[in-house]
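In what follows, a single structure is set out as structure tokens and then discussed.
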Amino acid sequence: MPERAKRIAVFGSTGSIGRSALEVIAASGGRLKAVALSAHSRLEDLVEQARRFRPKWVIAANAKAADAFDWKGLPKSCELLKGPAALVSVAGEKDVDVLLAGIVGSAGLESTWAALESKKTVALANKETLVMAGGLIGELVRRTGGQILPVDSEHSALFQALKAGRASEVARLILTASGGPFKDLSPADLQRVTVAEALAHPTWTMGPKITIDSATMMNKALEIIEARWLFGVEGERISVVLHPQSIVHSLVEFVDGSVLAQMSPPDMRLPIQYALEYPDRAPGVAERLDWSRAMRLDFEPPDRDRFPAIALGEQCARAGGTSGAVLNAANEAAVAAFLDGDLHFTEIVPACRSVLSAHNFEPNPSLERLLQLDRWARQEISRWVCV
Ligand code: NAD
Ligand code: MG
């Protein structure tokens with residue numbers, strides 16, 4: 001047992017990743033401690049979590065919702081902070097060892113940036129941050145000595161398998177994809193899918209935005225870009241393979257043809273725990289494979305016509321520059337419009353492609369420029385929305 005607990009700021013604690021992270025922390029036998037919790041909505045859940053975990057800071061990112069909320073149930077020992085600036089200040093606090101970045105979308109960028117600027121470790125679930133600004137974040141990490149540990153299951157798998165060889169010995173990264181709920185639908189059936197059908201993922205239970213991304217396969221596009229920046233492997237050497245059981249979480253092929261995989265049941269608590277306990281491994285709460293039962297592992301190449309998002313991900317991973325930020329913002333806006341019933345499922349990817357091709361590409365943008373383009377791309381998507 002270490003002398004003192006590793007102090008974790010759990011941002012997005014009321015979400016799917018945040019709740020799983022708190023389960024991991026609760027089961028860590030005191031090795032991990034939640035020192036900060038944050039949420040945007042569902043503030044009653046946030047209070048409930050604060051009563052259980054007694055963090056130093058409780059952050060309500062939406063100041064307006066926070067002002068309207070009755071905080072009388074919050075323990076007196078917790079300091080309540082309101083608004084997005086509080087995420088930035090707590091991320092850099094000396095009493096935080098690791099930021100668990102579980103906020104969804106570009107709203108997670110600033111706090112991750114602040115943590116890395118303060119040389120902290122970020123356990124990164126929020127892939128959108130790397131998709132938007134992976135090049136600049138890489139420079140920041142090199143400058144400050146901060147560290148990113150992947151939480152996304154595919155990238156956690158790659159991170160673990162990459163330990164088997166040197167960077168110069170890696171031939172290819174292979175990301176697995178379940179294929180989502182619509183893997184076998186005809187183009188005509190795809191035209192008719194509803195929000196409820198798109199929200200029903202066959203193997204993972206996740207927040208609404210990433211669940212829709214999984215149905216369009218935009219999630220895999222974002223993960224190609226995420227892998228490109230995390231591991232410094234060019235887009236040309238990152239492949240996608242369909243694997244409907246979601247047991248092999250990704251694979252690394254080395255120059256001699258040897259392929260290493262990481263396997264476990266689909267349970268995000270394992271990659272979260274791996275990142276929070278790193279560099280140690282510890283017994284935990286995640287489900288285990290049952291080797292006493294027969295099991296099948298299927299792999300097949302994705303149908304690239306059915307899932308045109310993959311090509312967009314490859315394009316942005318190759319191009320870098322401003323393209324990731326534009327794709328990410330267009331997709332966030334398009335998914336929000338779909339969830340609101342204002343955009344057809346089959347229009348999400350074409351809308352993103354059209355915004356991407358309309359933007360003026362720049363190879364070396366500043367963070368400010370990326371944030372401007374993020375706003376621009378969201379406005380462009382509004383032209384696609386049926387009112
Ligand atoms: P979720 O919707 O369940 O939770 C999102 C959390 O972020 C909530 O706590 C919410 O209150 C907070 N939030 C939302 N908008 C915010 C804003 N504007 N400012 C501050 N906080 C805000 O999402 P999730 O499924 O937990 O996903 C979180 C991130 O992790 C995403 O980037 C997703 O791509 C990534 N991820 C999730 C999974 C998964 O299994 N859920 C797997 C891999 C990666
Ligand atoms: Mg993933």
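Of the helices (runs of 4 or more DSSP H) lying entirely inside region 178-222, the ones with 2 or more residues being open to solvent by 30 Å² or more (accessible area, probe 1.4 Å) and away from ligand 1 (no atom under 12 Å from the Cβ) are found at 187-190, 195-198.
Do you know which of the residues in region 63-81 that are open to solvent by less than 50 Å² (accessible area, probe 1.4 Å) and part of a loop (DSSP other than H, G, I, E, B) is nearest to Ser41 (Cα to Cα)?
Step one: list which residues in region 63-81 are open to solvent by less than 50 Å² (accessible area, probe 1.4 Å), which gives 63, 65-66, 71, 73-75, 78, 81.
Subset that is part of a loop (DSSP other than H, G, I, E, B): 71, 73-75, 78.
On the way: Trp71: 13, Gly73: 16, Leu74: 15, Pro75: 19, Cys78: 18 Å.
Among those residues, the one meeting the criterion is Trp71.
The residue of region 101-138 that is nearest to ligand 2 (Cβ to nearest atom), among those that are assigned to a helix (DSSP H, G or I) and charged (D, E, K, R), is Lys127.
Within region 148-174, the set of residues being open to solvent by 50 Å² or more (accessible area, probe 1.4 Å) and farther than 26 Å from Asp213 by Cβ comprises Lys163, Ala164, Arg166, Ala167, Ser168, Glu169. Among residues of region 117-129 that are open to solvent by less than 10 Å² (accessible area, probe 1.4 Å), those with a beta-carbon under 7 Å from a residue that is among the β-branched types (Val, Ile, Thr) and away from ligand 1 (no atom under 11 Å from the Cβ) at least six positions away or on a different chain give the pairs Val122/Ile148; Ala123/Val98; Leu124/Ile148; Thr129/Ile137.
Would you mention how many residues in region 269-300 are of a type in the set (A, V, I, L, M, F, W, C) and over 28 Å from Gln147 (Cβ atoms)? Steps first, please.
Step one: of region 269-300, the residues of a type in the set (A, V, I, L, M, F, W, C) are 270, 272, 275-276, 282, 285-286, 289, 291, 294-295, 297, 299.
Cutting the leftovers down to over 28 Å from Gln147 (Cβ atoms) gives us 289, 291, 294-295, 297, 299.
So the count comes out to 6.
The condition of being out of contact with any His (no Cβ under 6 Å at 6 or more places or on another chain), farther than 21 Å from Leu276 by Cβ and within 16 Å of ligand 1 (Cβ to nearest atom) holds for only one of Ala125, Ala60, that being Ala60. Here region 1-59 is the region considered, the condition is being assigned to a strand (DSSP E or B) and without any contact (Cβ under 8 Å) to a residue 60 or more places away in the chain, and the residue that is nearest to the chain's Cα centre (by Cα) is Ala39.
The values are calculated or read from the model by the stated rules, or taken from the named source; none is laboratory data. It should be emphasised that the depicted structure is a prediction, and the values quoted were computed from it without experimental measurement. Quick reminder, even Gly has a Cβ in these numbers, built from the backbone with ideal geometry, and neighbours come from all protein chains shown. Note: areas computed on protein heavy atoms with side chains; ligands, DNA, RNA excluded. Shrake-Rupley method; radii C 1.70, N 1.55, O 1.52, S 1.80 Å.
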